[in-house]
Structures are given as C-alpha cells and as structure tokens.
1. When you check Arg150 against the structure, is it out of contact with any Gly (no Cβ under 7 Å at 6 or more places or on another chain) and either assigned to a helix (DSSP H, G or I) or within 15 Å of the ligand (Cβ to nearest atom) (or both), yes or no?
2. For segment 505-522, which residues satisfy the criterion of being without any contact (Cβ under 8 Å) to a residue 60 or more places away in the chain, among the small types (Gly, Ala, Ser) and under 16 Å from Ala572 (Cα atoms)?
3. Does any residue in segment 173-185 that is more than 7 Å from the ligand (Cβ to nearest atom) come within less than 6 Å, Cβ to Cβ, of a residue that is assigned to a helix (DSSP H, G or I) six or more places away or on a different chain, and which pairs are these?
4. I need a count of the residues in segment 35-90 that are of a type in the set (S, T, N, Q), over 34 Å from the mean Cα position of the chain (by Cα) and not in a loop (DSSP other than H, G, I, E, B).
5. Within segment 407-417, can you find the residues that are touching a helix residue (DSSP H, G or I) at 6+ places or on another chain (Cβ under 6 Å) and either more than 17 Å from Leu365 (Cβ to Cβ) or modelled with pLDDT under 95 (or both)?
6. Please state which of the following conditions Gly595 fails to meet, knowing it meets all the rest: (1) within 16 Å of Ala493 (Cα to Cα); (2) without any contact (Cβ under 8 Å) to a residue 40 or more places away in the chain.
7. Could you go through segment 144-152 and let me know if any residue there is surrounded by fewer than 24 Cβ atoms within 10 Å (Cβ to Cβ), among the polar types (S, T, N, Q) and either without any contact (Cβ under 8 Å) to a residue 60 or more places away in the chain or under 27 Å from Gln288 (Cα atoms) (or both).
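The values are calculated or read from the model by the stated rules, or taken from the named source; none is laboratory data. Quick caveat, the model's predicted, so the values are computed rather than measured. All Cβ positions, even for glycine, are placed from backbone atoms using ideal geometry, and neighbour counts span all protein chains on display.
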Amino acid sequence: MPTSAPAPNGAHPATSAHSHSPIGRYLRALHDKYARLEEGTVATYIPELGRARPGWFGIAIATTDGQVYEVGDSRCPFTIQSISKPLVYGLALEAHGLKTVLHKCGVEPSGEAFNSISLEPTTGRPLNPMINAGAIAVSSLVPGATAAERELRLLRHLGDFAGRDLVLDQDVYRSERDTGHRNRAIAHLLRNAGILTGNPEDALDLYFRQCSIEVTCRDLAVMAACLATGGVNPVTRQRVLAPISVGRVLSVMTSCGMYDFSGEWIHTVGMPAKSGVAGGILAVLPGQLGVAVFSPPLDARGNSVRGIRVCTDLSIDFGLHLFNTPRVVSPALRARHTAATRRSRRRRVASELATLAHHGNRVRLYELRGRLIFATLELAMRAILEEAAAATHLILDLERVIDLDRAACRLLLDLRETLLAQGKQVMLTGLAQHTVLRDYVVARLTEDGWKDLCRHGARDDALELCEADLLRASTLPAPQDAVSALQRQELCAGLDEPSLRTLASLLQPQSHPAGSVVVHAGAPADSMVFLVDGEVEVVIHDDGGHSHIVGRLGPGMTFGEMALADRMPRSAAIRTHTDARFLVLKFEDFDQLPGRGQAALHARLIQNLAAVLARRLRDANAEVLSLR
Ligand code: GLN
C-alpha cells in the first residue's frame with residue numbers, strides 16, 4: 001500500500017509521451033474534470049485500505065496494439081482486490097474446463113452486494129464468480145500441489161496479463177486475513193455445501209492473497225487490453241487466455257462485474273467491467289481497447305465514484321458502448337504519401353519536379369478509408385502525429401471514408417487543432433458526402449466553420465496548393481523575350497542558343513485574358529502552344545454536359561503537342577485560368593525544319609516530345625496503380 005502520495009513518478013507520469021495527441025489531451029481534461037469531485041468514501045472494512053488517499057486518481061487506456069495513454073496517478077500501486085476475480089476465473093476455466101467450474105459456481109447475476117452470502121438453495125453453488133462467494137470457490141480451483149505453488153501460479157497468471165512481475169502487498173494481505181470474518185463465514189458455508197472440499201482456510205488464504213496483489217492503473221489497462229484482443233497481451237504478445245475463455249470471462253463481467261450496479265452499468269457505459277474495493281475499475285471494449293481508472297473513494301455499492309464517471313464520459317465521448325459499435329474494424333490509413341512520391345495532376349516541368357522531389361517531404365498526404373471510429377482513427381492519428389514534426393503541410397483525405405461516428409468527428413477536429421497550433425497547414429479533403437461530420441462541425445464551430453473546413457475541395461486540389469507553396473520560393477520572374485521563354489520549356493531541353501533562336505523566329509506570340517477558351521475539343525489541330533506565362537486548364541465534357549478540369553498547366557509547358565506526333569483532332573478543351581501569354585508553333589513550320597537544314601533541331605524536338613509523353617504515361621500508370 002503506498003503511503004506517500006502522489007504516485008512515485010509524479011502527478012502526470014506519462015504525459016509527455018502523448019502530449020500532442022488529442023487522446024492524451026482529452027484524458028488530461030477528463031482527469032481535471034473529475035479530480036475535484038469529492039463524493040464517495042475510501043473503504044475501511046479492510047483497515048489497511050483506509051490509508052489510501054481520496055485524492056489519488058489515475059486513468060489509463062491501452063489499445064489492442066499495446067499503446068498506453070495514461071494520466072494522473074497511473075503508476076501508483078494499489079491492491080487489485082476484486083478485479084482479480086475475472087482473471088482467476090479465466091485461469092480456472094483453462095485448468096479444469098467449463099463443466100467442472102460450472103459445478104462449483106454459476107453465472108447468474110445476483111443483483112446483490114459483493115459480499116452477499118447468497119448460495120443457490122438446491123446446489124449450494126455461489127451465483128456467480130464476481131461476488132466473493134463465487135470467487136472463493138474459484139480460487140480453490142487454482143492448480144498447484146502446495147499453497148506456495150498455487151500462489152506462484154496466481155502471480156504468474158496475473159503477471160502475464162500485466163506484462164510484468166507482480167508482488168503481494170503484505171500489509172493489505174495480513175489486514176484482510178486478520179479481519180475478513182465475513183469472507184471466512186462464506187468459506188465455511190461453501191465447505192458446508194460441499195463446494196469447497198478440504199480445509200476452507202486454504203481457499204480463503206489464497207483468495208486473500210489474490211486480492212492483495214499490487215497493480216497500477218496502467219497495469220489494469222494492459223490487463224483489460226489482453227481481454228480486448230481476445231487473449232493476447234498486446235505489449236508482450238504472449239497469449240494469456242484462450243479466446244473461448246475470454247468470451248466467458250467477459251460474459252460474467254458484463255452481467256455481474258459491477259455487483260448490484262451491473263445492469264445500469266452495461267446499459268449506460270456498455271463495456272464489460274470489474275471494480276475493486278481499493279478503487280480500481282477495469283473495463284474492456286472487445287476489439288478496441290482496455291480502460292482502467294484508479295480512485296479510492298467508493299459509492300455505496302463499492303464501485304469507484306470517479307471510475308464510474310470517467311468510464312461513462314469515455315463511453316459517450318468516444319462511442320465505446322459495446323452494443324453500439326461496429327464489430328469489424330479495418331485500418332483507417334489506406335495510404336500515406338509525400339509531395340515527392342505523389343503529385344497532383346498538375347503537369348510540372350523538370351525544374352519544378354526537382355524542387356518537389358527535394359522538398360516534397362514537407363507535404364504529407366494521408367488517405368483515410370473505411371469506418372472511422374475511435375480504434376481505427378486512433379491508430380491513424382498516431383502515425384500522422386509521429387510524422388508531423390517534419391511536415392509543414394498535411395492533407396487528410398476522407399474521400400474513401402465510408403462513415404464516421406461522432407467520436408471520430410471530434411478526434412479529427414482535435415487533431416486538426418493540434419496541428420494548426422503547431423503552425424502546420426492542415427487541409428481536410430473529400431468531406432462533401434460526410435453529413436455526420438458536417439452536423440458535428442456546424443454544432444461545434446459554425447456553418448461558416450464547415451465551409452472553411454471544406455474550402456480545399458478534393459485531394460488533388462489541396463495537393464496542388466501545397467505544391468504551389470513549395471514551388472513559390474523557387475519561382476523565377478516571367479521571361480520577357482522568346483529565347484529566354486523557350487529556355488524554360490521542357491520541350492526545348494538540350495537546345496543550344498542558335499537552335500533556340502531559329503525556333504523563336506518561327507513562333508507567333510499571343511496573349512489571352514483569364515477565362516478564354518483557346519482550344520475546343522474535337523477541333524482540327526494545326527499548331528501547338530508553348531505556355532510562357534500564366535496558367536491554363538485542361539477541360540473535358542462528359543456525356544451529361546458537365547465539364548471537368550482534368551489538369552492544369554503552367555509556364556514551361558506545352559499543349560497541343562500530342563498532335564505534333566499524330567495530327568489527330570484536339571482531345572480536350574483548353575481554357576486560360578489566369579491571363580496568359582503563349583508562343584504558337586504551326587505544324588507547317590515545324591515540318592519544314594529538315595528541308596531548311598534544321599534536321600537536328602527537328603529531331604531533338606521529337607525526341608523531347610517522346611520524353612515528355614513517356615513521363616506523362618509513367619505518371620498515369622502510377623496513378624492507376626494507386627487507385628487499386
Ligand atoms: N478482498 C475484498 C473482499 O473480499 C474484495 C472485495 C472487492 O474488491 N469488492 O472483501
């Protein structure tokens with residue numbers, strides 16, 4: 001029993017590990033919210049327990065992949081007490097099989113207090129393993145030839161759940177042994193009914209020892225997570241219970257774990273749970289996570305007052321009610337990219353590509369998918385936060401998300417705020433279809449807040465914006481003469497000064513204001529265009545008469561050059577996005593180059609065209625691949 005408060009390693013022992021996580025922040029706020037709650041009384045019927053401080057308060061959450069979030073006195077040791085009961089029940093099931101165990105103890109909720117002396121009238125069996133009578137009967141089933149062996153087996157079993165070696169709190173053990181007259185009475189009744197055979201003091205002593213095992217709130221969270229995974233300790237990866245036993249353990253926790261509060265608990269909180277008289281509560285959301293709270297003041301039914309409040313809040317805020325949670329969860333992170341590995345559909349010239357390859361790491365694109373709920377989003381957020389330090393721009397794309405619950409909405413917005421506070425640019429894209437998110441954002445922020453959140457549109461638009469930010473620093477001023485304009489053209493790579501001058505002499509300059517259609521789809525092609533300044537959009541029209549922008553081009557790029565190769569009609573329309581300046585090359589002039597002694601220039605342009613088209617095809621292949 002710790003007598004010096006607070007916990008040995010400070011009030012917020014593991015805060016720094018996830019201080020940037022919305023979950024860490026949430027837990028701290030939750031801790032603050034209930035730290036001042038002064039209801040309930042510390043148990044004193046075991047005298048040694050009376051030394052606990054009412055102010056001790058820790059919360060921990062462990063995920064099914066072993067991540068632990070903890071706050072407050074999460075490393076403060078206390079005795080496990082009744083929380084040992086479901087775990088020892090699991091041990092008995094595995095050692096003897098269900099039939100034998102059922103013979104000694106039923107699985108019906110009693111609706112009575114933990115220390116009630118209620119045995120089935122005909123069989124003398126305790127009603128369930130969560131009340132003391134049942135737990136004492138179950139303790140008698142712990143295998144081992146001697147008392148010492150049985151104790152060791154117990155400690156090892158619970159230690160496997162915690163992922164570390166556990167010890168007894170000898171003071172609490174002695175205190176309980178010397179004053180546990182009611183439990184002693186129960187043990188003797190069980191002996192009388194033939195449920196215990198042999199000396200009832202032996203089972204009783206092991207039961208007292210099992211209750212006096214020292215744990216922390218963090219331990220309990222990991223133990224709970226062992227049940228959430230179906231029996232594998234997520235930290236040590238050791239199997240601690242067979243899946244079939246996990247189901248049985250969780251069932252009795254569901255119906256009986258919170259004594260005569262069990263019905264209301266499962267109705268409101270919706271997680272199988274077990275409380276202990278030293279102030280611990282362990283709760284499990286199968287498939288998602290384990291929760292633990294430590295706070296000694298208890299209510300009249302022997303459950304931690306703060307523990308109940310914390311679990312209730314967690315369940316509501318994160319959508320953790322067992323019967324309200326989808327069963328199947330698939331990872332939320334479909335893919336992650338940087339601007340170096342994934343570009344927008346905007347075509348880029350070689351110098352821009354070099355800049356993006358070099359600085360692209362600062363832009364991170366995360367494609368989320370499937371159903372976003374606490375468990376799936378938690379995992380994705382962790383990956384995002386781990387990488388955030390190196391990033392200046394983060395795009396979270398929800399295009400492929402099927403749906404998300406309110407907990408996910410909340411975490412997403414919290415994540416966005418966390419990242420914004422770190423000075424990052426955060427763009428959420430693909431939001432349009434998510435009405436749940438819309439409603440949440442409107443309620444939390446405003447209608448305008450929602451519009452603002454949606455302003456980046458689709459993933460590709462956001463990616464292009466980020467690229468523009470990266471490229472801005474290295475953008476050159478617009479060229480003034482034709483030769484320097486041509487020098488920046490990807491199609492002119494490798495041309496010497498005289499060739500550039502020859503080419504320039506063939507070109508006609510044109511300027512167009514923003515919004516002009518400069519090429520119509522289907523029109524015959526007789527020239528191609530070098531874009532000198534400004535931006536144009538490639539537009540296609542679908543059968544329904546809607547137009548779609550499929551690409552944007554900027555200075556240094558060409559359009560209409562595909563027809564240089566095949567002379568086919570225009571495949572798409574081109575519209576100026578800004579005021580734009582062009583240099584136009586007539587195919588007629590191009591075709592005459594070899595006849596005028598410019599065969600080398602002609603060949604070089606064809607070769608460059610092939611290179612440009614090849615690169616575009618590679619990009620298209622990469623995109624098709626990413627769509628799988
Ligand atoms: N050791 C305690 C007892 O038997 C356990 C009770 C509990 O935690 N609710 O009284």
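1. no
2. Of everything in segment 505-522, those that are without any contact (Cβ under 8 Å) to a residue 60 or more places away in the chain, among the small types (Gly, Ala, Ser) and under 16 Å from Ala572 (Cα atoms) turn out to be Ala521, Gly522.
3. What qualifies is Tyr173/Phe208; Tyr173/Arg209; Ser175/Pro47; Ser175/Glu48; Arg177/Phe208.
4. Total meeting the criteria: 1.
5. Ala407, Ala408, Cys409, Leu411, Asp414 - these are the residues of segment 407-417 that are touching a helix residue (DSSP H, G or I) at 6+ places or on another chain (Cβ under 6 Å) and either more than 17 Å from Leu365 (Cβ to Cβ) or modelled with pLDDT under 95 (or both).
6. Of everything listed in (1) within 16 Å of Ala493 (Cα to Cα); (2) without any contact (Cβ under 8 Å) to a residue 40 or more places away in the chain, Gly595 misses just condition (1).
7. There is at least one residue in segment 144-152 that is surrounded by fewer than 24 Cβ atoms within 10 Å (Cβ to Cβ), among the polar types (S, T, N, Q) and either without any contact (Cβ under 8 Å) to a residue 60 or more places away in the chain or under 27 Å from Gln288 (Cα atoms) (or both).
Residue-wise test of (1) within 18 Å of Leu431 (Cβ to Cβ); (2) over 14 Å from the mean Cα position of the chain (by Cα); (3) modelled with pLDDT under 90.
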residue: Glu378; (1), (2), (3): no, no, no
residue: Arg382; (1), (2), (3): no, no, no
residue: Leu385; (1), (2), (3): no, no, no
residue: Thr392; (1), (2), (3): no, yes, no
residue: Asp397; (1), (2), (3): yes, yes, no
residue: Val401; (1), (2), (3): yes, no, no
